[in-house]
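Structure record follows, encoded as structure tokens.
The values are calculated or read from the model by the stated rules, or taken from the named source; none is laboratory data. Just so it is clear, the model here is predicted, and its values are computed rather than measured. Reconstructed Cβ throughout: ideal geometry from the backbone, glycine too, with neighbour counts over all protein chains shown.
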Amino acid sequence: MATLQLKNITKQFGDTKVIKGIDLDVNDREFVVFVGPSGCGKSTLMRMIAGLESASDGDILIDGKRMNEVGPADRGLAMVFQSYALYPHMTVEGNMGFSMRLAGVPKEERRAKVLEAAKILQLEPLLDRKPKALSGGQRQRVAIGRAIVRNPIIFLFDEPLSNLDAALRVQMRIELARLHEELDATMIYVTHDQIEAMTMADKIVVLHDGVVEQVGSPMALYHHPRNRFVAGFIGSPKMNFFSVEQQSIGDDGVTVRLPGGRPCTIPVAGEQLASDEALELGIRPEHLQLDENGPLSGQIKVLERLGGQNSLYVQMGELLITIMADGDVAYRVNDTVQFGLAAERAHLFDAQGLALESLSQHPLASLTRQDNRAATEPAAPGAQV
Amino acid sequence: MTTHRNSAPAHTRSLPIRQLVLTLLGWSIALIIFFPILWMVLTGFKTESAAIADPRFIFSPTLESYQEVQARSGYARFALNSIAVAFGSTFLALLIAIPSAYAMAFLPTKRTKGTLLWMLSTKMLPPVGVLVPIYLIFRDVGLLDTRTGLIIIYTLMNLPIVVWMLYTFFKDMPKDILEAGRMDGASTLQEVFFLLLPLTLPGIASTGLLSVILSWNEAFWSLNLTSSKAAPLTAYIASFSSPEGLFWAKLSAASTMAIAPILILGWMTQKQMVRGLTFGAVK
């Protein structure tokens, strides 16, 4: 059992507030990802949970007990640092066993525990090496091994993959997800990479400028972003935004006039809207389709062929719109294209940048990784035989 | 015309010429700096009359001066004092400086920079300015002509430099590693002994060596605060320049014997020194 609660946590460095009152519940065995642009306070928040930084105000509760005044080692957490922070003068075994050495664990027992963790991470042949004789991926695994050996109730990962090359990052991502299943521990993970957040998280916490913008499952954030910031941050390539004029508000949604003059009804609740309020429409590149009869048009400025898909950057008035299109389309740069949008996938943002609520929930929006597991688990015993 | 025709080959040849000139310049400067030491060593092997005669490189060497110097006063006693005082003060300085540098590097406050500058500023005051008060204090507490007294003075003398150097080495140490240690359950003392000291050892070694050398070569305080019992080698050298007049050959022989140990130490540890002084320059 390991839960974490943050209650109105703030952090101030001198006169600057970097964390402006954060409330958060992390459930047992959950994989929670803090994501946000650099400088949003996500690392500071994690360091406060770890105990490396003190909170200016608020409570940090682990399993219901207040931990603000408890030292980092006594909170029962383990942290994997961005720089790995291995001890350069110790072997892999020395690195992984250091916490036990400090605790006075006998050598034999230490070795057994290190071997156990090394087996999980396939580090056995490297135990006698020094960190400088290891590759980046191996160092990363040693850093994770050092955390596993401590048998923590909560794992903290501070951008652990950002120093790895792209291929290794994908591999480590899979390995971390596997590790989460295997260790069955609560994990908190900080990253600025929304792909890491989307692929690994049970719950994503989007931070911006010291406040939580939204907390939810990856699919909830993707399909129902609460505001313009989350909409723009989650999803790759980025969501397109353009201003639209309000025409009418009905039971089936808000009808707006698209650039180019054609009307479009977006199925969102608009009762609270002022009749002259400026609106912004957000639509993801994958929800725009090339369509000869589409309501929108523009000129292709850049064409990125990815094989299976093409990214089209289309000049529409002042704006550059991104469209993900089928890879087999033979368009060229400077061609003018017509395109349409999937109205049920579009988002409307009011003047404050808040999203208008969708009239229907996306069927996958409440799906979490734990649900994925639950669906496969009944089959597992049979599969193992 | 001619210059134009010659310019191309001259250009291609310019690199070796440049290097030759630079090499010559480097050697000349090194020789000029080294010459007094060389002359001192040579003079030590001359007779007293040859030493004050016209300067000559070619002469018949003799150990006469060394024998006389050794007969007149015990080199070993002075050398022992030098060793005790140089190493004792270095040990004490490191003992005090390591915790101070740790605090300044890892737990800085608004006043840390100011404190560091203030410490260095004490080195700007001419020592003679505090000679009288220190002499009186030493006399009253009975530290005159004792190794302990000299160790205290040398420790205080070197402390600013030792703290400064350790501070820069500690600052270069990645903070993450210490934090990882803290997450692993290390107390501050364990952090220092298991992580900080092993990782900054080259820096600490070169700092210690510098402190030993500075203490070894120090003359002002040793001449003023010691007479016979605790006098180190610098006082030993000086004893050959007074009152019966200057005896160049004996003075040189004594000086050679005084600087030889530290020169040998420096030569043996130069690799360590260079590594320490450039530690952290390249990650």
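Taking the stated definitions as given, is B:D172 surrounded by fewer than 19 Cβ atoms within 10 Å (Cβ to Cβ), more than 30 Å from A:I153 (Cα to Cα) and among the acidic types (D, E)? The answer is yes for B:D172. Taking residues in segment A:104-119 that are touching a residue at least 24 places away in the same chain (Cβ under 8 Å), and partners anywhere that are surrounded by fewer than 19 Cβ atoms within 10 Å (Cβ to Cβ), the pairs with Cβ atoms closer than 6 Å and at least 6 places apart or on different chains are A:A118/A:E124. All conditions in (1) exposed (fewer than 15 other Cβ atoms within 10 Å of the Cβ); (2) in a loop (DSSP other than H, G, I, E, B) hold for B:A30, with the sole exception of (2). Within segment A:48-64, one or more residues are within 24 Å of A:K7 (Cβ to Cβ), β-branched (V, I, T) and within 14 Å of chain B (Cβ to nearest Cβ). The single condition among (1) out of contact with any Gly (no Cβ under 7 Å at 6 or more places or on another chain); (2) hydrophobic (A, V, I, L, M, F, W, C); (3) within 10 Å of another protein chain (Cβ to nearest Cβ) that B:L195 does not meet is (1).
Filtering A:D128, A:D165 for residues that are of a type outside the set (A, V, I, L, M, F, W, C) and over 20 Å from A:G97 (Cα atoms) leaves a single hit, A:D165.
Looking at B:K123, B:K175, which is the one that is in the same structural domain as B:T234 (by TED's automatic domain parsing), more than 25 Å from the chain's Cα centre (by Cα) and modelled with pLDDT under 90? One residue alone meets the criteria, B:K175.
Assess whether A:K107 counts as being out of contact with any Lys or Arg (no Cβ under 7 Å at 6 or more places or on another chain), surrounded by fewer than 16 Cβ atoms within 10 Å (Cβ to Cβ), away from chain B (no Cβ under 14 Å) and more than 23 Å from A:E175 (Cα to Cα). Criteria met by A:K107. Scan segment B:66-96 for residues that are in a loop (DSSP other than H, G, I, E, B) and either in contact (Cβ under 8 Å) with a residue 24 or more places away in the chain or not assigned by TED's automatic domain parsing to the domain that holds B:F240 (or both) and the total you get is 1. Taking every residue in segment B:16-45 that is touching a residue at least 60 places away in the same chain (Cβ under 8 Å) and of a type outside the set (A, V, I, L, M, F, W, C) and pairing it with any residue that is in a helix (DSSP H, G or I) and surrounded by 10 or more Cβ atoms within 10 Å (Cβ to Cβ), at least 6 positions away or on another chain, the pairs with Cβ-Cβ distances below 6 Å are B:T43/B:A51; B:T43/B:W248; B:T43/B:A249; B:T43/B:S252; B:G44/B:S65; B:G44/B:S252; B:G44/B:A253; B:G44/B:T256. The C-beta contact set for segment A:18-32 (first residue under 14 Å from A:K7 (Cα atoms), second residue among the acidic types (D, E) and surrounded by fewer than 22 Cβ atoms within 10 Å (Cβ to Cβ), distance under 9 angstrom, 6+ apart or interchain) comprises A:K20/A:D209; A:G21/A:D57. Taking the criterion of being surrounded by 22 or more Cβ atoms within 10 Å (Cβ to Cβ) and assigned to a helix (DSSP H, G or I), the residues of segment B:209-220 that qualify are B:S211, B:V212, B:S215, B:W216. For the residues A:G36, A:G41, the requirement of being touching a residue at least 24 places away in the same chain (Cβ under 8 Å), under 27 Å from A:V215 (Cα atoms), away from every other protein chain (no Cβ under 11 Å) and touching a helix residue (DSSP H, G or I) at 6+ places or on another chain (Cβ under 6 Å) singles out A:G36. Taken across segment B:56-63, residues that are surrounded by fewer than 16 Cβ atoms within 10 Å (Cβ to Cβ), under 19 Å from the mean Cα position of the chain (by Cα) and within 28 Å of B:I213 (Cβ to Cβ) do not occur at all. Of all residues in segment A:83-100, those that are within 8 Å of chain B (Cβ to nearest Cβ) have Cβ atoms under 6 Å from Cβ atoms of residues that are small (G, A, S) and assigned to a loop (DSSP other than H, G, I, E, B), 6 or more apart or on another chain, in A:S99/B:G185. In segment A:155-201, the residue that is surrounded by the most Cβ atoms within 10 Å (Cβ to Cβ) out of those that are closer than 26 Å to A:R75 by Cα, hydroxyl-bearing (S, T, Y) and under 9 Å from the mean Cα position of the chain (by Cα) is A:Y189. The single condition from (1) farther than 18 Å from B:P261 by Cα; (2) modelled with pLDDT under 85; (3) touching a helix residue (DSSP H, G or I) at 6+ places or on another chain (Cβ under 6 Å) that B:V69 fails is (1).
Run A:I174 past the list (1) within 14 Å of another protein chain (Cβ to nearest Cβ); (2) in a helix (DSSP H, G or I) and report the number of the one that doesn't hold. Exception for A:I174: condition (1).
For A:A231, the conditions (1) surrounded by fewer than 22 Cβ atoms within 10 Å (Cβ to Cβ); (2) within 23 Å of A:E286 (Cα to Cα); (3) in contact with a strand residue (DSSP E or B) (Cβ under 7 Å, 6 or more places away or on another chain) are fulfilled apart from (1). Being at negative phi and acidic (D, E) is the filter; apply it to segment A:141-176 and report the residue that is modelled with the highest pLDDT. So, considering only residues that are at negative phi and acidic (D, E), the one modelled with the highest pLDDT is A:D158. The criterion of at least 2 residues that are among the basic types (K, R) and in contact with a helix residue (DSSP H, G or I) (Cβ under 8 Å, 6 or more places away or on another chain) is met by none of the strands (runs of 3 or more DSSP E) wholly inside segment A:209-293. The lone criterion from (1) more than 14 Å from chain B (Cβ to nearest Cβ); (2) out of contact with any Pro (no Cβ under 8 Å at 6 or more places or on another chain); (3) under 22 Å from B:E179 (Cα atoms); (4) outside any helix (DSSP H, G or I) left unmet by A:Y189 is number (2). If you check A:D128 against the conditions, is it surrounded by fewer than 16 Cβ atoms within 10 Å (Cβ to Cβ) and not in a helix (DSSP H, G or I)? So A:D128 passes the test.
Only one residue in B:L201, B:L159, B:L144, B:L150 is touching a residue at least 12 places away in the same chain (Cβ under 8 Å), in contact with a Gly (Cβ under 9 Å, 6 or more places away or on another chain) and farther than 17 Å from B:F106 by Cβ, so which one is that? Matching residue, one of B:L201, B:L159, B:L144, B:L150: B:L150. Hey, among the residues in segment B:173-187 that are without any contact (Cβ under 8 Å) to a residue 40 or more places away in the chain and outside any loop (DSSP other than H, G, I, E, B), which one's farthest from the other protein chains (Cβ to nearest Cβ)? This residue is B:G181. Checking each residue in segment B:201-251 for being modelled with pLDDT under 90 and either within 14 Å of chain A (Cβ to nearest Cβ) or within 24 Å of A:M90 (Cα to Cα) (or both) picks out B:L201, B:P202, B:G203, B:A205, B:S206.
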